[in-house]
Amino acid sequence: MDFIHEDFLLHSESARRLYHGYAAGEPILDYHSHLSPADIALPRSFNNLFELWLEGDHYKWRAMRANGIEERFCTGDAPPREKFFAWARTVPFTLRNPLYHWAHLELQRYFGIRQLLDETSAEWVWDCANAQLAQPEFSAQGILRKFRVQALCTSDDPCDDLAQHRALAVANADCAVYPTFRPDKALLVHDPEAFNFWVRRLEEAGSSEIANFTSFLSAIQRRHDYFHANGARLSDHGLPYCYATACKESEAAAIFSHARDGIAASPPEQDRFASFMMLFFGRLDAEKGWTKQLHIGALRAVNTRAEAEYGSNTGFDTIGDHGQAASLCCYLDALERDRALPKTIVYNLNPADNYAIAAAIGSFQDGSLAGKIQFGSAWWFLDQKEGIESQLNALSNAGLLARFIGMVTDSRSFMSFPRHEYFRRVLCNLIGQDMENGELPGDEALLGAMVRNLCFENARKYLDLPMVKDPTGSASETVSSRRTARG
Ligand SMILES: [Zn+2]
């Protein structure tokens, strides 16, 4: 039998019936990704398996380094073929790491390759995949079609002009591609050089001078409006923890002015400034009915020597142990007191915080919308079988699993869409096991409907993106009205 067979990860009859009957056929709504909108709009085609599969993949680089592979085969200047062979040599050493599952699932779903990847099969796999990559169905848009991705949200700086998103909207591509407002650089007052570089970009994007803090806030608000007009309905923030020591506007303005003059904010000043800005961003999202995403818990660039040499996002971040509950609640509470708490998705990186997060969000549900505050899907280091089960279990026990809006790839690679399949298999296995144990009723229609909703429908309803079709036939907005809205 193939390693990745039809019933992979599905350990009971109930699990198999749920997966094949209710989950496998659902389309994908990938509401958080880091794919390049330019690659989609082009659409990019891939010259070889390295470009599609290894380029930019810090999960693989970490495994390769841990396996004794030199940096020149990871982020370095070795030729693509040699980098692929170095990865292939590493794969047999990733047993029990999720990379082993992902690698074989991906090779099979994209290329029909069923062989286990190792040094001896590498040559054949390289040739077999590269021969197929020349075909049009392997362009960036072809891949989105193949995996029935109905909508995808990219991650974009507020200064980005979104030209590619507009081109895709006009072309009426099969997959709707939306920008996401990610203003992390607006918080960099402790790094005046980077901050001022970004403020200059913001001035150029809005064609207006930023003379003071008031005009800074106005410029950001106009970019938020611009993103909305171009289809955005989500924002995103990558934070070590929720900033929740807000100061008065006058103090934020003073910290801003110092940073503009090249004087770095102290850590407490940066915390207060960021807290002020996060409340500002929260109100912007609430006013427009957007969904705010909070990715909390990473400890970034812990290996400063390597990060300096190889760049950011190359695999030198880790799980932080900041203690999240108090600051998260403080932030959500400050917005709630102003009646300005938007729909919010909290993604957690430290499994020790799962129950704290799952319980905290329950204190801010207000009855206005089912699942208004979401415990986001297992993320980054937790995006694997145990991590997914752990997130699902904490959410089930402290909240309503049935209102969960499901999985995202959070990926920089076009070869990550089988993550949705992986999540669905783990989900169906968990629910199916409960059915077999008699801890959930043996009512396939009841449990099947929940599974189906967790795969697609809950996200579609919750996010209310302008043009994601209801599978039953009606769309929330017509194509022509969307074009007008984006004009
Ligand atoms: Zn992300």
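Criterion first (at pLDDT 95 or above, open to solvent by less than 40 Å² (accessible area, probe 1.4 Å), closer than 30 Å to Gly442 by Cα and touching a Phe, Trp or Tyr at 6+ places or on another chain (Cβ under 9 Å)) does Ile28 satisfy it? When the stated conditions are applied, Ile28 passes them. Filtering the range 86-102 to residues that are out of contact with any Leu (no Cβ under 7 Å at 6 or more places or on another chain) and buried (at least 18 other Cβ atoms within 10 Å of the Cβ) leaves Ala86, Arg89, Thr90, Thr94, Pro98, Leu99, Tyr100, His101, Trp102. Do you know which of the residues in the range 31-47 that are crowded, with 18+ Cβ neighbours inside 10 Å and hydrophobic (A, V, I, L, M, F, W, C) is farthest from Asp464 (Cα to Cα)? Among residues in the range 31-47 that are crowded, with 18+ Cβ neighbours inside 10 Å and hydrophobic (A, V, I, L, M, F, W, C), the one farthest from Asp464 (Cα to Cα) is Phe46.
Rundown of residues vs (1) modelled with pLDDT of 95 or more; (2) among the aliphatic types (A, V, I, L, M); (3) open to solvent by 20 Å² or more (accessible area, probe 1.4 Å), yes/no style:
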| site | (1), (2), (3) |
| --- | --- |
| Leu382 | yes, yes, no |
| Lys385 | yes, no, yes |
| Asn393 | yes, no, yes |
| Ala398 | yes, yes, yes |
| Thr409 | yes, no, no |
| Arg412 | no, no, yes |
| Pro418 | yes, no, no |
| Glu421 | yes, no, yes |
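Tallying residues that are free of Cβ contacts under 8 Å to residues at least 12 places away in the same chain, of a type outside the set (D, E, K, R), crowded, with 16+ Cβ neighbours inside 10 Å and not in a loop (DSSP other than H, G, I, E, B) within the range 428-446 yields 0. With respect to Ala232, determine if the residue is at pLDDT 95 or above, within 16 Å of the ligand (Cβ to nearest atom) and in a loop (DSSP other than H, G, I, E, B). Criteria met by Ala232.
The conditions are (1) closer than 27 Å to Tyr100 by Cβ; (2) outside any helix (DSSP H, G or I); (3) among the acidic types (Asp, Glu), and Glu389 fails exactly one of them. Which is it? Failing condition for Glu389: (2). When you check Asn67 against the structure, is it without any contact (Cβ under 8 Å) to a residue 40 or more places away in the chain and either surrounded by fewer than 23 Cβ atoms within 10 Å (Cβ to Cβ) or not basic (Lys, Arg) (or both), yes or no? Criteria met by Asn67. Test Arg272 against the criterion of being surrounded by 14 or more Cβ atoms within 10 Å (Cβ to Cβ) and either modelled with pLDDT of 95 or more or acidic (Asp, Glu) (or both), and give yes or no. Spelling it out, Arg272 is indeed surrounded by 14 or more Cβ atoms within 10 Å (Cβ to Cβ) and either modelled with pLDDT of 95 or more or acidic (Asp, Glu) (or both). Close Cβ contacts (under 6 Å, 6 or more residues apart or on different chains) running from residues in the range 450-470 that are more than 15 Å from Gln374 (Cβ to Cβ) to residues that are at pLDDT below 95 and among the acidic types (Asp, Glu) comprise Pro466/Glu477; Met467/Glu477. Tell me the residue from Arg425, Arg419 that is within 16 Å of the ligand (Cβ to nearest atom) and in contact (Cβ under 8 Å) with a residue 24 or more places away in the chain, please. Testing whether each residue is within 16 Å of the ligand (Cβ to nearest atom) and in contact (Cβ under 8 Å) with a residue 24 or more places away in the chain leaves just Arg419. Those helices (runs of 4 or more DSSP H) of the range 130-208 in which 1 or more residues are in contact with a strand residue (DSSP E or B) (Cβ under 9 Å, 6 or more places away or on another chain) occupy 140-146, 163-171.
Among the conditions (1) more than 16 Å from the ligand (Cβ to nearest atom); (2) buried (at least 20 other Cβ atoms within 10 Å of the Cβ); (3) within 23 Å of the chain's Cα centre (by Cα); (4) part of a loop (DSSP other than H, G, I, E, B), Leu10 misses just one, which is (3). Would you confirm, using the coordinates I've provided, whether Gly56 is assigned to a loop (DSSP other than H, G, I, E, B) and either more than 16 Å from the ligand (Cβ to nearest atom) or among the basic types (Lys, Arg) (or both)? No; evaluated as a whole, the condition is false for this residue.
Would you check which residues across the range 33-49 are part of a helix (DSSP H, G or I), touching a Leu at 6+ places or on another chain (Cβ under 9 Å) and either within 16 Å of the ligand (Cβ to nearest atom) or under 29 Å from Ala122 (Cα atoms) (or both) and list them? Within the range 33-49, Pro37, Ile40, Leu49 meet the criteria. In the condition set (1) under 30 Å from Ile357 (Cβ atoms); (2) part of a helix (DSSP H, G or I), His258 is compliant with all but (1). Within the range 241-256, is there a residue that is open to solvent by less than 20 Å² (accessible area, probe 1.4 Å) and among the polar types (S, T, N, Q)? No, the range 241-256 has no match at all. Within the set Asn354, Asn313, Asn397, the sole residue that is of a type in the set (S, T, N, Q) and either within 16 Å of the ligand (Cβ to nearest atom) or in contact with a Cys (Cβ under 6 Å, 6 or more places away or on another chain) (or both) turns out to be Asn313. When residues in the range 109-127 are screened for being of a type in the set (Gly, Ala, Ser) and assigned to a helix (DSSP H, G or I), 1 of them pass.
Looking across Gly371, Gly406, one residue alone is within 16 Å of the ligand (Cβ to nearest atom), outside any helix (DSSP H, G or I) and touching a residue at least 40 places away in the same chain (Cβ under 8 Å). It is Gly406. In the set Gly282, Gly297, only one residue is within 16 Å of the ligand (Cβ to nearest atom) and either buried (at least 17 other Cβ atoms within 10 Å of the Cβ) or among the basic types (Lys, Arg) (or both); that residue is Gly297.
The values are calculated or read from the model by the stated rules, or taken from the named source; none is laboratory data. What you see is a predicted model; the values in this text were computed from it and never measured. Methodologically, a virtual Cβ is constructed for each residue, glycine included, from the backbone with ideal geometry; neighbour enumeration extends over all protein chains shown. The protein model used for the area step is the full one, side chains on, heavy atoms only, and it has no ligands, DNA or RNA in it. Shrake-Rupley method; radii C 1.70, N 1.55, O 1.52, S 1.80 Å.
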